[in-house]
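FYI, it's all coordinate maths here, none of it is from the lab. Since this is a predicted model, take the numbers as computed values, not measurements. No Cβ is skipped: glycine too gets one built from the backbone with ideal geometry, and neighbour counts run over all protein chains shown.
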Amino acid sequence: MATSADLTSIAVDDLQNLLEEEGGEWHLYEQSVRERDGTVYALARHGHDLKLIVVGEAEEGPFEREAVIESSSETVAVCPCSPENAQQLRGLFSWTAPQPLGTTPAIGCGDRLGLATPGHIRACEALNAQPILAQQSIREMERTGRSPQEVMDDVTWAVFQEGYTGGFGADADHLKTPEDIDRCFETGYTMYTIDPSDHVDNEADHLDANELTRRFQALPWDMLDVTPEAYLEHYTVEPLVLESDAGRLEISFTEEELKRASVKYSAAIANTKTLADHVAARYAADRPDAEYDLEMSVDETDQPTHPREHYFVAAELDRLGVEVTSLAPRFVGDFEKGIDFIGDPDAFEEALKKHVIILQACGGYKLSVHSGSDKFTVFPILGRQAGPKVHLKTAGTSYLEALRIPARHAPEFFRGIVAYAFDRFEADRKTYHVSTDLSAIPDPGDVDDAELEATYLDENNGRQLLHITYGSVLTAKQDGAWRFKERFFELLNEHEEEHFDTLEGHFRHHIESVGTIGQ
């Protein structure tokens, strides 16, 4: 990375001194300093608040200002890190804006706090891995009280803070409605993950023949642009042999198997087509020359996606003209939140080989791995079998790593978070598939300070307890004030480099374990 001395005409020490003369505690992020057309831009922290510093810009400059530091040699403007200024920054330095990544292998680095991105960047930059830095589902945003705009802006400032010019994506994850798509489109996201799980019929695997036929006939055939008879004729005529670099696979459907696959997935495919058309229409109307990435996710099903079901989904998307950059099946084994893979690694690898043959034969999209945090047992298998076709998604693991900071430096405060998580667990677990045993987790009052981190953040039950209660913890209030959020963020700012180092090590472990995300 180029240093600020290479990029600017103003000495970093001089700029730091100018800020300190203004009063208060200032920390200038040296790697952020950039010069353009005679104006110097940098990011600094004033107390706990980030500020954009602009040196030498005329009064009519594009950035909203909140103060001007008087100097005999320079005009130094202090600007808020507002949405308006973030938008201006993305226009000025294009590398602070997201871009579509296509079929490049990537790691999604979900950040529920808005403070983790520098640690993600450092891990990805060190290993030359392509990151998705803005990755949040609408559900996660609702639980943390954030918006698509806030998620995007937090990433923009972090990218500028780190001086990272390597490019990144922005994934609007688990989208279910046109309104959700619009919110993310208007904010500038470049990847749209469609989640049609509400339209998947998980009962299809167990229906009797009469009910199966009834539901098959009742599918939205007009939306699918085909007849039931044509479906049966197309898919049950003869076995299909798929061949690719990954191997050879025979796909066949009996009439019953085709009906079960159709009842299970066809309404979801129709919903995906509707939402994909909405994304395409927004781009055609407002950004006709721009590209974007599209993913379909069917990972939230009761049973693993059978290879013939994977083929059926991919073939139907292709028939309907829906081009995906990545597809997320439900894999063999359990991908629970915040912990390692549960299941038989050999069975996972055998099934994965078949999924890779299908994706290579059906267009070469990426295989997206949801709930990919901390699945270290199967990461080498993903790298070995899927090679450069891996899109690994992580989310809550960054929140768990951040909790190490209060566990180390504010043990009583951390105990309060754990106690509150116990209170909220039963309500919060309803939308998660977890095997947490609360009885195996000790009361925080019985754990010594030195053992807090290992007890709750290195052990599966404790990790899941804290992982799924994040929304309750971050939005809890008491007497009108934040119960945990404000103090938590203060601790992360006070121990900022330790937080970033912790995240960097954790994500390097992810990337190195897969092996094919970094090039």
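Measure off 7 Å from each Cα along the Cα-to-Cβ vector at Glu486 and Asn210, then give the distance between these two points in nanometres to one decimal.
Each label point is offset 7 Å from its Cα along the Cβ direction, giving 6.4 nm.
Mind checking the angle between helix 307-319 and the chain's longest principal axis? C-alpha axes, 0 to 90 degrees, to the nearest 10.
Helix 307-319 sits roughly 80 degrees off the main axis of the chain.
In whole Å and largest first, what semi-axes does the C-alpha gyration tensor of region 271-324 yield when each eigenvalue is scaled by 5 and square-rooted?
26, 11, 9
Against the longest alpha carbon principal axis of the chain, how many degrees, from 0 to 90 and to the nearest 10, is the axis of helix 178-187 turned?
30
Determine the percent antiparallel among the DSSP beta bridges restricted to the chain, to the nearest 5.
55
Quick one: if you take sqrt(5λ) for each eigenvalue of the C-alpha gyration tensor of region 103-168, what semi-axes come out, biggest first, whole angstrom?
Ellipsoid semi-axes (Å, largest first): 21, 13, 9.
With +1 assigned to the C-beta of every Lys and Arg and -1 to the C-beta of every Asp and Glu, and no other charges, what is the dipole magnitude of the chain about the Cα centre in debye, to the nearest 20?
Using only the charged Cβ atoms, the result is roughly 1060 debye.
Mean projection of the alpha-carbon convex hull of region 398-475 over all orientations, in nm²?
4.7
What FRET efficiency comes out for the pair Ala454/Ala230, r = Cβ-Cβ distance, R0 = 51 Å, nearest 0.05?
The pair Ala454/Ala230 has a calculated efficiency of 0.30.
Which one, Gly56, Ser32, Leu19, is farthest towards the positive end of the dipole of region 19-62 when Lys and Arg carry +1 and Asp and Glu -1 on their Cβ?
Result: Ser32.
Tell me which of Ala170, Gly321, Thr103 sits at the most positive position along the dipole axis of the chain, charges placed on C-beta atoms (Lys, Arg +1; Asp, Glu -1).
Gly321
Between [x] 43, 28, 20; [y] 59, 26, 20; [z] 47, 30, 20, which matches semi-axes √(5λ) of the Cα gyration tensor in Å calculated for the structure shown?
[x]
What FRET efficiency comes out for His48 versus Asp277 if R0 is 45 angstrom and r is the Cβ-Cβ distance? Round to the nearest 0.05.
With a Förster radius of 45 Å, E is 0.50.
Pairs Lys353/Lys389; Lys264/Lys337; Lys337/Lys375; Lys264/Lys389; Lys366/Lys430: which are spaced more than 19 Å apart, C-alpha to C-alpha?
Distance filter (> 19 Å) returns Lys264/Lys337; Lys264/Lys389; Lys366/Lys430.
In a solvent-free Debye calculation with one equal scatterer on each Cα, what is log10 I(q)/I(0) for region 143-208 at q = 0.22, 0.23, 0.29 Å⁻¹, listed in the order of the q values?
Each listed q corresponds, in turn, to -0.97, -1.02, -1.27.
³J(HN,Hα) across region 237-246 via Karplus (A = 6.51, B = -1.76, C = 1.60, θ = phi - 60°), whole Hz, x for Gly/Pro?
5, 7, x, 10, 9, 9, 10, 8, 4, 7
Distance between Cα centroids, region 93-109 to region 218-238: provide it in whole Å.
Computed from Cα coordinates, the inter-centre distance equals 37 Å.
Taking the C-alpha atoms of region 195-340, how large are the radius of gyration and the largest Cα-Cα span, Dmax, in Å?
16.2, 50
Can you give me the Kirkwood hydrodynamic radius for region 92-133, using every pair of distinct Cα atoms, in Å to one decimal?
11.2
Across the Cα atoms of region 59-188, what radius of gyration and what greatest pairwise Cα-Cα distance (Dmax) are found, in Å?
16.0, 56
Going 7 Å from the Cα of Arg248 toward and past its Cβ, which residues in region 318-358 have a backbone nitrogen under 18 Å from where you end up?
Taking a point 7 Å out along Cα→Cβ of Arg248, the residues of region 318-358 whose backbone N falls under 18 Å are 353-358.
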